[in-house]
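Structure, as structure tokens:
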Amino acid sequence: MTQDIKFIQGNEVCVEAALYAGLDFFAGYPITPSSEIAEHMAVRLPGIGGKFLQMEDEISSICAITGASLTGHKAMTATSGPGFSLMQEALGYAIMTEIPCVITNVQRGGPSTGLPTHGSQGDVNQARWGTHGDHAIIALTASNHQDLFQITVEAFNLAETYRTPVILLLDEMLGHMREKLIIPKVDEIPVVKRLRTAVPDGVDFHPYLPREDGRLPMSDFGDKHRYNVTGLYHDMWGFPTSDPQVIHGLIHHLMDKIENRVEQLTRYKEYFLEDAEVILISYGSSARSALHIVKNRRKRGERLGLLELQTLWPFPAGLVRRKTRQADFVAVVEMNMGQIVDEVKKVVDQHKRVFLVNRVDGGFITPENIKDMIRLIQGRGV
Amino acid sequence: MAVHNYIRQRFFPHLWCPGCGHGTILNNMLRAVDELGISKNDLVMVSGIGCSSRISGYVDFHSLHTIHGRALAYATGVKMSQPRLNVLIPMGDGDALAIGGNHFIHACRRNMDLTAIIMNNRIYGMTGGQFSPLSGEGILCTTAPQLTIDRSFDTVELALASGASFVARTTSFHVREITKLIARAIQHKGFSVVEILSQCPTHFGRKNKLGDASNMLEFFKKNTTPFGSKAKQDNPELIERGIFRELDIPDYCADYERTIQKAQKGKSS
Ligand SMILES: Cc1ncc(C[n+]2csc(CCOP(=O)(O)OP(=O)(O)O)c2C)c(N)n1
Ligand code: SF4
């Protein structure tokens with residue numbers, strides 16, 4: 001069979017993968033460097049009978065996809081820093097009401113308007129902590145188009161499986177870069193369908209009562225079960241409550257369904273870790289440069305390895321601890337002032353072995369940048 | 001069917017103060033639904049945050065109680081993804097026109113077939129009586145101890161200027177009119193706005209020495225007149241009630257269906 005090979009931008013990969021995952025509803029507001037996602041959605045969706053909405057801002061965009069998800073549709077919005085900031089309250093609402101959806105943030109330099117046309121990885125902690133109150137979140141990323149396709153499909157799968165918003169963190173480099181993509185064949189990547197309740201008409205349906213396996217079957221708005229959805233603390237019917245026991249139960253459920261499943265949620269790749277003395281930890285487009293330098297140094301006999309994280313949240317603490325045990329030191333390569341490095345320091349036995357290798361001037365972190373900083377760390381001079 | 005058939009009994013008692021106008025609006029809104037014979041399964045109520053927005057929990061429809069000011073944005077997603085549903089959106093004046101003002105004008109412009117009901121008590125009830133963009137000048141409230149200097153919107157003019165295809169106004173005194181106008185608004189294909197002047201005796205009435213709920217209702221009776229009446233010419237101060245616009249233009253979802261057809265024709269040729 002012939003392969004379906006494309007040479008496209010990362011933003012377009014995200015669109016094709018979302019459609020593969022079953023998306024048929026998109027709402028968004030233009031912002032660089034994510035606008036191509038909306039543009040490609042506008043081209044692709046009507047043709048398959050899907051819905052595309054250009055809303056008046058990012059707040060209404062995330063609200064609209066949340067509403068569409070409730071009627072049974074797989075939905076996504078896409079934005080960049082300033083828009084992602086606007087979405088935070090409604091993100092918390094989707095977490096609290098357990099409505100699956102995907103929010104893509106093609107990161108650019110911040111804070112504020114920052115660097116609209118330059119890449120950054122400055123929103124990693126915002127993805128984790130941007131909305132108020134205790135909560136758990138899933139955030140995924142990838143470093144190349146083939147992986148981005150896979151990870152985008154997984155974002156939808158995890159959103160459905162755990163009834164939660166999932167954040168897909170791209171960055172400007174990845175979003176605008178063109179490279180080869182082989183479109184996976186139908187069924188090559190499993191697609192998780194919406195889990196709908198089997199409770200018959202007329203029988204009391206509990207939208208917020210988890211099954212034994214922890215999953216919560218849904219019922220489409222407009223179908224036979226009428227229930228309440230609210231961002232207030234609520235009971236198993238979705239009715240507001242101030243009963244301490246119910247509140248305790250709900251906040252623990254919202255945290256535990258994600259934080260207790262770190263292993264199942266962890267996606268990563270590893271290169272030359274077995275005997276590595278120096279381990280680089282990286283993610284997203286920076287991992288491309290990290291991989292390049294690792295391969296390059298290996299040729300010279302230097303024992304470098306790379307752990308590429310694709311799941312950033314919940315942070316794969318166990319994985320990082322296990323994989324870095326024998327390393328002399330760990331260098332976290334990221335394009336921010338040090339966001340994942342703090343997480344790594346928390347879990348590695350001797351946090352003094354952990355260094356930040358970063359670049360935050362709007363330029364892409366190059367293999368050369370990484371090499372120079374590693375030499376400095378090793379006390380070898382540049 | 002009687003009104004109580006549309007109510008979630010287990011959700012009661014409600015949280016509204018005695019004399020609050022919001023309950024009257026709920027009652028007459030349900031009569032409108034009953035008159036039209038809409039199945040409960042075909043009705044979604046979407047609301048934001050405020051005393052008024054609590055209405056969605058009390059009704060036995062699909063109910064979505066969202067965040068402050070964004071009800072119309074959620075409703076847009078519900079309707080666009082499932083156009084066969086009737087979507088009712090009750091909102092407070094602050095909810096709809098302060099924090100939600102941008103969504104409001106764009107919903108008017110877009111003309112999606114949604115029914116927005118603005119329960120205008122000219123105050124922020126839920127947060128304890130701060131002024132709203134509908135309070136107008138010279139009002140005593142917790143955030144304007146020297147009286148408000150902010151000028152107000154006129155909801156009807158704003159809706160008309162923004163392109164809503166159905167625009168109406170009544171008050172919590174004119175209960176049969178509430179039922180009639182909401183029924184017409186639901187039937188209307190396109191974005192409908194029904195503003196209902198409502199009373200908050202707790203925060204607006206008490207502070208502004210307007211008496212109790214019955215005095216406030218009396219005010220609505222005395223100071224309003226049907227749209228286009230002679231009384232308005234004689235006394236321009238009167239607030240008009242009735243239907244200000246009812247325009248038969250294509251709604252957004254119908255237009256989008258044509259977009260789909262165009263895209264699919266383009267594909268096959
Ligand atoms: C983002 C945000 N800001 C502020 C609030 C606090 N708040 C809750 S209800 C409300 C105003 C309520 O007034 P209105 O919408 O007129 O409805 P009413 O209570 O009078 O019926 C405010 C400011 C909030 N919940 N969310
Ligand atoms: S505070 Fe005002 S608006 Fe709120 S329930 Fe009481 S009377 Fe009604």
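Assorted remarks:
- Some residue of the stretch B:104-113 being within 15 Å of ligand 1 (Cβ to nearest atom), within 14 Å of chain A (Cβ to nearest Cβ), modelled with pLDDT of 95 or more and in a helix (DSSP H, G or I): yes
- Considering the stretch B:167-269, the qualifying strands (runs of 3 or more DSSP E), each wholly inside and each with 2 or more residues that are in contact (Cβ under 8 Å) with a residue 60 or more places away in the chain and either open to solvent by 60 Å² or more (accessible area, probe 1.4 Å) or within 16 Å of ligand 1 (Cβ to nearest atom) (or both), run over B:192-197, B:239-246.
- Test: residue in the stretch B:131-152 that is assigned to a strand (DSSP E or B), away from every other protein chain (no Cβ under 14 Å) and either within 14 Å of ligand 1 (Cβ to nearest atom) or among the charged types (D, E, K, R) (or both): yes
- Reported count of residues in the stretch B:46-65, each being away from ligand 2 (no atom under 16 Å from the Cβ) and open to solvent by less than 10 Å² (accessible area, probe 1.4 Å), is 6.
- Top-ranked residue of the stretch A:25-65 - restricted to ones that are in contact with a strand residue (DSSP E or B) (Cβ under 6 Å, 6 or more places away or on another chain) and β-branched (Val, Ile, Thr), ranked as farthest from A:VAL229 (Cα to Cα): A:THR32
- Some residue of the stretch B:35-45 being crowded, with 22+ Cβ neighbours inside 10 Å, within 16 Å of ligand 1 (Cβ to nearest atom), of a type outside the set (Phe, Trp, Tyr) and within 13 Å of chain A (Cβ to nearest Cβ): yes
- Residues satisfying the stated conditions in the stretch A:220-247, i.e. in a loop (DSSP other than H, G, I, E, B) and more than 9 Å from chain B (Cβ to nearest Cβ): A:TYR233, A:ASP235, A:MET236, A:THR241, A:SER242, A:ASP243
- All of A:LYS299, A:LYS257 fail the test of being closer than 30 Å to A:ARG196 by Cα and of a type in the set (D, E, K, R), apart from A:LYS257.
- Looking across the stretch B:114-141 at every residue that is on the phi < 0 side of the Ramachandran plot and out of contact with any strand residue (DSSP E or B) (no Cβ under 8 Å at 6 or more places or on another chain), the one that is farthest from ligand 2 (Cβ to nearest atom) is identified as B:GLU137.
- Residue among A:PRO210, A:PRO190, A:PRO184 that is open to solvent by 50 Å² or more (accessible area, probe 1.4 Å) and either of a type in the set (Phe, Trp, Tyr) or touching a residue at least 40 places away in the same chain (Cβ under 8 Å) (or both): A:PRO210
- Those residues of the stretch A:230-285 which are without any contact (Cβ under 8 Å) to a residue 60 or more places away in the chain, closer than 29 Å to A:ASP204 by Cβ and of a type in the set (Val, Ile, Thr), in sequence order: A:THR241, A:VAL246, A:ILE247
Yes or no, residue by residue, for (1) within 16 Å of ligand 2 (Cβ to nearest atom); (2) within 15 Å of the chain's Cα centre (by Cα):
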residue	(1), (2)
B:LEU160	no, yes
B:SER165	no, yes
B:THR170	no, yes
B:ARG176	no, no
B:LEU181	no, yes
B:GLN187	no, no
B:SER192	no, yes
B:SER198	yes, yes
B:PRO201	yes, no
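- Residue count, the stretch A:296-338 (criterion: assigned to a loop (DSSP other than H, G, I, E, B) and within 19 Å of A:ILE151 (Cβ to Cβ)): 5
- Hey, A:THR141 in contact (Cβ under 8 Å) with a residue 12 or more places away in the chain, surrounded by 24 or more Cβ atoms within 10 Å (Cβ to Cβ), within 14 Å of chain B (Cβ to nearest Cβ) and under 24 Å from A:GLN9 (Cα atoms) or not: no
- Checking B:THR127 against (1) surrounded by fewer than 24 Cβ atoms within 10 Å (Cβ to Cβ); (2) more than 9 Å from ligand 1 (Cβ to nearest atom), the condition it does not meet: (2)
- Matching residues in the stretch B:1-23 - criterion: being open to solvent by less than 40 Å² (accessible area, probe 1.4 Å) and either away from chain A (no Cβ under 13 Å) or among the small types (Gly, Ala, Ser) (or both): B:VAL3, B:TRP16, B:GLY19, B:CYS20, B:GLY21, B:HIS22, B:GLY23
- Top-ranked residue of the stretch B:66-80 - restricted to ones that are within 7 Å of chain A (Cβ to nearest Cβ) and open to solvent by 10 Å² or more (accessible area, probe 1.4 Å), ranked as nearest to the chain's Cα centre (by Cα): B:ARG70
- Residue match in the stretch A:159-175 (condition: among the polar types (S, T, N, Q) and touching a Cys at 6+ places or on another chain (Cβ under 6 Å)): no
- Where B:PRO83 falls short, out of the listed (1) open to solvent by less than 30 Å² (accessible area, probe 1.4 Å); (2) within 23 Å of B:PHE104 (Cα to Cα); (3) more than 7 Å from every other protein chain (Cβ to nearest Cβ): (1)
- The stretch B:205-242 - residue that is hydrophobic (A, V, I, L, M, F, W, C) and out of contact with any helix residue (DSSP H, G or I) (no Cβ under 7 Å at 6 or more places or on another chain) and, of those, farthest from B:SER135 (Cα to Cα): B:ALA231
The values are calculated or read from the model by the stated rules, or taken from the named source; none is laboratory data. Bear in mind the structure is a predicted one, so any value in this text is a computation, not a measurement. Ideal geometry is used to build each Cβ from the backbone, glycine not excepted, and the neighbour counts take in all protein chains shown. Surface accessibility is based on the protein's heavy atoms, side chains included, excluding ligands, DNA and RNA. Shrake-Rupley method; radii C 1.70, N 1.55, O 1.52, S 1.80 Å.
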